[in-house]
Amino acid sequence: MDGTAVNTNIFTKPDRDAVITIRNLYKSFGDNKVLNGLDLDLYRGENMVVLGKSGSGKSVLIKIIIGLMRPDNGSVHVLNHDICQLNSSQLDKMRVKVGFLFQSNALYDSMTVRENLEFPLRRHWIKTTKEEVNRLVMEALKNVGLPHTVDMMPSELSGGMRKRIALARTLILKPEIILYDEPTTGLDPITGKEISHLMLDIQKKYNTSSIIISHDINCVKIVANRIVMLIDGKCEATGTYHELSISKDNRVKQFFE
Amino acid sequence: MVKEIFIEIGLITRFAGRFFRELIKPQLEFSEFVRQCFFIGNKSLSLVGITAFIMGLVITIQSRPTLVEFGAEAWLPKMVSVSLVREIAPVITALICAGKIGSGIGAELGSMKVTEQIDAMYVSGTNPYKFLVVTRVMATTLMIPILAIMADGVSLYGGYLGANIHGIVSWDLYWNQVFDTLVFGDVLPSIIKTFFFGYVIGIIGSYKGFNSNRGTEGVGQSANSAVVISSLLVFIIDLLAVQITDVLNLN
Ligand SMILES: Nc1ncnc2c1ncn2[C@@H]1O[C@H](COP(=O)(O)OP(=O)(O)O)[C@@H](O)[C@H]1O
Ligand SMILES: [Mg+2]
């Protein structure tokens, strides 16, 4: 990757093994060119933040990675699989290893917290006993600090709690990669900070690699090992928080003011 | 505008055809299907019952003077039962279900769409068409005929009370006349068409929900247009059904 990076951080060293490799990615909706020849690598164990204005195509990018949208052109390799070549059952297998935290949480309104968490377990046909399912549910809830909400409905929870439950549902499959879509947007600053620290804990505990979409600079400061700027459908600059915050480039500077 | 209508018809047809392809794929979501059947019954049973009862009563009372004029008062049960069972009960049931069930499905799936719950299903290894659409369409296709048969019975009972307001028709006489009048050729086509009503209501509600625009007003719009389009289609199917029975000499 070209950019302003200096290899002062272990996470930008090119010899690290990449879990996601994207080359020359194009995606447009009609005349709206959203991604324009984007290149991106995610290395094992790192928290990489993708920073960009709203409407710049951040959500489109991670929805392509998880196979919810098809790219127009370019290649996307996730854990050494070319996602454009996978059929739907292979895609399902890949999705066990890649968690996705939706911006709007996407908790199922008609199900309790427990049923929400059991859903991916059951649907991915992970064969386990009832006790084992229960143990996994409780473990995931403890990880996010909300074991007492297990029998509540999502509508009874606050915004921050819903975000945690959504995170627990993502964690329950023990993914190797987590894609976070604006995890702190819409939360108050304190809750946002808590969620950010939770993301750090998860990275340490499970050694996950993550792409974090954000424009919340407080969250970025806490979680980022490396930051990539998405500008005009391309990754323009990359570096640590400190490196980008002293950048002379106006398009980068405006995020750090 | 005309072009858009044809595009929409094409998209709906494709969506409706997909139902059959997904239906035969393995892994039936049985518990979700049962849950939907229960919801549909629970939601519309009382409204369908009350409306059918009132329709039976009113049609009978209103038909009476005309028949009296021709001295054919004794034909009241005959005439009323044919129009209730063949036309009024099935269509009323379908319209009520289009309003309650169709809009409900449109709003529910629409809000699932805009809050990314449908995407979340894909990510959780579930085909949302199979899990959400197939189960709901199967449920409407099964439940609306059942509700319509119930509406037949209730409206005929309303007819019995209506017939007894001015004259006296004994219980046995009324039902004997009704069952003498109604032949297989009346009842069967009227039940068969309700399966199509049910299918159309489920498909249109699901289609509108699945294709909701972003934002919450999109959800309201989906629910609304689901009702309009499926009500219209109910009448179109009814028109086709009467043509077909006419050709087959069943009228
Ligand atoms: N399903 C879609 N159909 C049409 N346009 C879309 C779709 N999804 C996203 N877009 C467009 O792509 C652009 C980027 O959207 P998005 O990735 O959601 O932005 P953000 O960076 O805020 O997450 C926007 O202009 C949006 O209108
Ligand atoms: Mg977004």
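The values are calculated or read from the model by the stated rules, or taken from the named source; none is laboratory data. Just so it is clear, the structure is predicted and the values come from calculations on it, not from any experiment. Neighbour counts run over all protein chains shown; Cβ positions are idealised from the backbone, glycine included. Accessible surface areas use protein heavy atoms only, side chains included; no ligands, DNA or RNA. Shrake-Rupley method; radii C 1.70, N 1.55, O 1.52, S 1.80 Å.
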Task: Partner chain coverage, peptide B:125-136 - average Cβ within 10 angstrom - done: 2
Open item on the list: I'd like to check one number: the per residue accessible area of chain A, probe 1.4 Å, reported in Å² as a whole number.
Closed with: 45
TODO: Over the protein assembly as shown, consider all pairs of different Cα atoms and compute the Kirkwood hydrodynamic radius from their mean reciprocal separation; express it in Å, one decimal.
DONE: 26.2
Open item on the list: Which one, A:Ser209, A:Ser245, A:Ser110, has the greatest fluctuation when you compute a Gaussian network model over chain A with C-alpha springs under 10 angstrom?
Closed with: A:Ser110
Task: Volume per residue that the Cα convex hull of chain A spans, once the total is divided by residue count, Å³ - done: 130
- [ ] Would you mind giving the average projected area, over all directions, of the Cα convex hull of the range B:30-248 in nm² with one decimal?
- [x] 13.5
Task: Exposure rank, largest accessible area first [B:Tyr199, B:Tyr122, B:Tyr174; 1.4 Å] - done: B:Tyr122, B:Tyr199, B:Tyr174
Open item on the list: Rounded to whole Å, give me the distance from the Cα center of the range B:90-113 to that of the range A:156-171.
Closed with: 30
- [ ] For the range A:190-257 and the range B:202-230, compute the distance between their C-alpha centroids and round to whole Å.
- [x] 38
TODO: Specify the angular offset, from 0 to 90 degrees and rounded to the nearest 10, of the alpha carbon long axis of helix A:88-97 from the longest principal axis of the alpha carbons in chain A.
DONE: 90
TODO: Before anything else, pin down the relative contact order of chain A: Cα pairs under 8 Å, at least 6 apart, normalised by residue count, whole percent.
DONE: 28
TODO: With everything on Cα atoms, drop me the angle between helix A:189-206 and the longest principal axis of chain A, reported from 0 to 90° to the nearest 10.
DONE: 80
Task: Unit charges on C-beta of K, R, D, E only; dipole of chain A, Debye - done: 340
- [ ] Could you pull the accessible area for B:Leu67 with a 1.4 Å probe, rounded to 10 Å²?
- [x] 20
- [ ] Kindly state, to the nearest 0.05, the FRET efficiency for A:Lys93 paired with B:Ile50, given R0 = 45 Å and r defined as their beta-carbon distance.
- [x] 0.30
Open item on the list: Only bridges whose two residues both fall in the protein assembly as shown count here: according to DSSP, what percent of them are antiparallel, nearest 5?
Closed with: 55
Open item on the list: Please compute the per residue accessible area over chain B with all protein chains in place, 1.4 Å probe, rounded to a whole number of Å².
Closed with: 49
TODO: For chain B, find the longest principal axis of its Cα atoms and tell me its angle to the long axis of helix B:2-24, 0 to 90°, nearest 10.
DONE: 90
Task: Magnitude of the charge dipole, the range A:127-257, Cβ model with Lys/Arg +1 and Asp/Glu -1, debye to 20 - done: 300
- [ ] Count charges around A:Leu230 for me, please; just the other residues with Cβ under 9 Å from its Cβ, Lys/Arg as +1, Asp/Glu as -1.
- [x] +1
Task: Percent RCO, i.e. relative contact order, over the range B:30-248, from Cα pairs under 8 Å lying at least 6 residues apart - done: 36
Open item on the list: Using the Cα centre of the protein assembly as shown as the reference point, and only Cβ charges (+1 on K/R, -1 on D/E), how large is the resulting charge dipole? Debye, rounded to the nearest 20.
Closed with: 1200
Task: Separation of alpha-carbon centers, the range A:74-110 and the range B:25-74, rounded to whole Å - done: 46
TODO: Quantify, in whole percent, the carbon and sulfur part of the accessible surface of the range B:87-158 (1.4 Å probe; protein heavy atoms only).
DONE: 72
Open item on the list: For the pair B:Thr66/B:Glu22, report the inter-label distance in nm, with labels modelled 7 Å from Cα in the Cβ direction.
Closed with: 4.5
Open item on the list: Suppose we keep just the DSSP beta bridges with both residues in the range A:103-257; what percent of those would be antiparallel, to 5?
Closed with: 50
- [ ] Could you run the numbers on buried accessible area between B and A, total for both chains, 1.4 angstrom probe, in Å² to the nearest 100?
- [x] 1600
TODO: Find which of B:Gly185, B:Gly205, B:Met112 sits farthest along the positive direction of the dipole of chain B, computed with +1 on the beta-carbon of Lys and Arg, -1 on that of Asp and Glu, about the Cα centre.
DONE: B:Met112
- [ ] Using the structure shown, select from A:Lys97/B:Lys208; A:Lys130/A:Lys221; A:Lys142/A:Lys253; A:Lys33/B:Lys3; A:Lys130/A:Lys163; A:Lys53/A:Lys205 the pairs with a Cα to Cα distance greater than 29 angstrom.
- [x] A:Lys97/B:Lys208; A:Lys130/A:Lys221; A:Lys142/A:Lys253; A:Lys53/A:Lys205
